[in-house]
Every structure is written in C-alpha cells, then in structure tokens.
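Reading through the structure tokens given below for one structure.
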Amino acid sequence: MSEFMSCKICSHPTEPFARALVLGRYQAEFYRCGSCGFICTEDPYWLDEAYSTVITGSDVGLVRRNSRLATIVHLLLAVFFGSSGRFLDFAGGYGLFVRMMRDRGFDFRWFDRYCTNLFAGGFAADMDDGGAYDLVTAFEVFEHLVDPLTGLDELMGLSGSILLTTDLLPEPAPNPHQWWYYGLEHGQHVSFYTRKSLEVLAEKKGLRFYSNGSTVHLFTERKLPASLFFLLARHRTASLIAPFLGNTSLLDDDFSALSGSKLS
C-alpha cells in the first residue's frame, strides 16, 4: 500500500500511523488522515482468517450490549420515528437484538450474510422485496467496513435513516496497543472513526449526522434536535424513560404465527 494513499472518507492524503501485530501473526500498517482523522489498516488480506469465526470469542459483551441498545433504540424510535414503522437490523448476528425489539413491540427484521439467526427465526428480511425501512440499525458494523462509502451506500438503499454504533477514536489517537477497540486479537476491525470523519461521511451522502458523543450515531435525512438526540441516545437516560413507554409486545403474535397456537 502506498504511503500516500487517499483517505477513504474525505480523499485527503493519509500518512503511516503505526504498525501492529494482527491475529498474532500479521504485521499490519495503520494509516491516518491528517484532515478528518480517520484511521484504517492497509489492505486487510487477513480477513478470511479473521472471519473463520463470525462472532469473536473475545466479544464477551454481546448480551449486555444488545440489552442496552434495545433500551436506547426503544426510546429513540418512540420519540423520533414512531413505534408502528418497519425496521431492519443489518448484520444482526444471532438475532438477539431483533428478538428483544419485537418483544418490545417493534416490527424489526433480521439480516446477516455470515451469521446464523438463532433468536429471530421466521423474521429474516426479504432483501429482494424492494421495500424500504423507516430505520436500519447497523451495530458494530462500520469498523468492519473496508470501504465505508460503499457500505453506507448499501445501507442507504434500505433506508434514509441508519442508526449505528462504533466507538469514536480518543483524542489524541492512541496507538493500536493502547486501545482495545482496534481488536488486534481478532483482526476484524479495519476502520476507525473520529466524529469529524463521520460528519464528512454524512455530508458526502447528503445526510444529517447526530451522535451521543461516544458510541451511538445516526445518519438520517430527517432534521432532529441535536441536543435531544445527544441526551436520549445515552443508556442512563434511556433506562430511566423507556420502561414507561407502553408498547404492546409482539411475542404472543410471533409465537402464534410460527406455531399456530397462543402462548399460555
């Protein structure tokens, strides 16, 4: 890879930033954009090996993360999008988040090219039906994208609103051995974002950008009050308010549809 590669977000020149051992065996070069701060690896030739296990064994926070996100998304949908829409969890893993959201009364569907749907059977999205979704969630997806612009294009083909999670780079940017989110042990994370880089990404696609300042971010065609999104997209706020939002769970209906009988 050239030392003068262009930034995948803003097209400005990047510079070599650091080298680190990925998957315990590959010396990988990391590059940083001097304009938007985006960091990426060199061409990640190790990805086939990295994805030999889709959900990494080091992801011990999977259940807690889905539980917290279900609470946050419940509140964001209730306030900004309404509860009667059509929603998709893109790269939905085992389907745990979809099941949690359907239990909360939201018509979520599941899609994942690589992972087995264990918890949301019967509610996989038909990706060929041409239907649009009111919101697409893409949790822990963007750090996996080799080409963020192309990845966002795919999501925009499904919805004008994409709610994502990715941890923003600290300032100053840490070296790979100084920040756990580089994920050197599993090798699946190849793109790392500053707030500015996500703002530029949104601007390039004609979208507005909102963030809770750390992990939860929204690309959308809608104009929202930024300060309110910042407040509501935080687990501490959502955990206080969401329990009082009275959606009717889809659990009984889903059970009936799948088994032909009502839950007792």
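The values are calculated or read from the model by the stated rules, or taken from the named source; none is laboratory data. Just so it is clear, the structure is predicted and the values come from calculations on it, not from any experiment. Reconstructed Cβ throughout: ideal geometry from the backbone, glycine too, with neighbour counts over all protein chains shown.
Would you check which residues across segment 123-150 are small (Gly, Ala, Ser) and crowded, with 21+ Cβ neighbours inside 10 Å and list them? Even if it seems obvious, please write down each step before you answer.
Let us first name the residues in segment 123-150 that are small (Gly, Ala, Ser), namely 124-125, 130-132, 138.
Correct list: 125, 138.
Within segment 187-219, can you find the residues that are in contact with a helix residue (DSSP H, G or I) (Cβ under 6 Å, 6 or more places away or on another chain), over 24 Å from residue 232 (Cβ atoms) and assigned to a loop (DSSP other than H, G, I, E, B)?
187, 188, 189
Here is a list of conditions, (1) surrounded by fewer than 19 Cβ atoms within 10 Å (Cβ to Cβ); (2) touching an Asp or Glu at 6+ places or on another chain (Cβ under 9 Å); (3) within 14 Å of residue 73 (Cβ to Cβ), and residue 107 meets all of them except one; can you say which number that is?
That leaves (2) as the condition not met.
Kindly indicate which of 109, 102 is at pLDDT 95 or above and more than 30 Å from residue 199 (Cβ to Cβ).
102
Being under 17 Å from residue 222 (Cβ atoms) and modelled with pLDDT under 95 is the filter here; which residues of segment 79-99 pass it?
The answer is 82, 83, 84, 85.
Filter segment 182-208 for residues that are more than 14 Å from the chain's Cα centre (by Cα) and of a type in the set (Ser, Thr, Tyr) and give the result.
Within segment 182-208, 182, 194, 197 meet the criteria.
Counting only residues that are more than 20 Å from residue 195 (Cβ to Cβ), among the basic types (Lys, Arg) and in a strand (DSSP E or B), how many does segment 3-42 have?
Residues flagged as more than 20 Å from residue 195 (Cβ to Cβ), among the basic types (Lys, Arg) and in a strand (DSSP E or B) within segment 3-42 amount to 1.
Being within 18 Å of residue 85 (Cβ to Cβ) and either over 17 Å from the mean Cα position of the chain (by Cα) or part of a helix (DSSP H, G or I) (or both) is the filter here; which residues of segment 128-165 pass it?
Within segment 128-165, 129, 130, 131, 132, 155, 156 meet the criteria.
Does segment 45-67 include one or more residues that are assigned to a loop (DSSP other than H, G, I, E, B), over 27 Å from residue 230 (Cα atoms) and modelled with pLDDT of 95 or more?
yes
Return yes when residue 118 is out of contact with any Phe, Trp or Tyr (no Cβ under 6 Å at 6 or more places or on another chain) and not acidic (Asp, Glu) and no when it is not.
It is false that residue 118 is out of contact with any Phe, Trp or Tyr (no Cβ under 6 Å at 6 or more places or on another chain) and not acidic (Asp, Glu).
In segment 104-113, how many residues are out of contact with any Gly (no Cβ under 9 Å at 6 or more places or on another chain) and over 14 Å from residue 69 (Cα atoms)?
Counting residues in segment 104-113 that are out of contact with any Gly (no Cβ under 9 Å at 6 or more places or on another chain) and over 14 Å from residue 69 (Cα atoms) gives 1.
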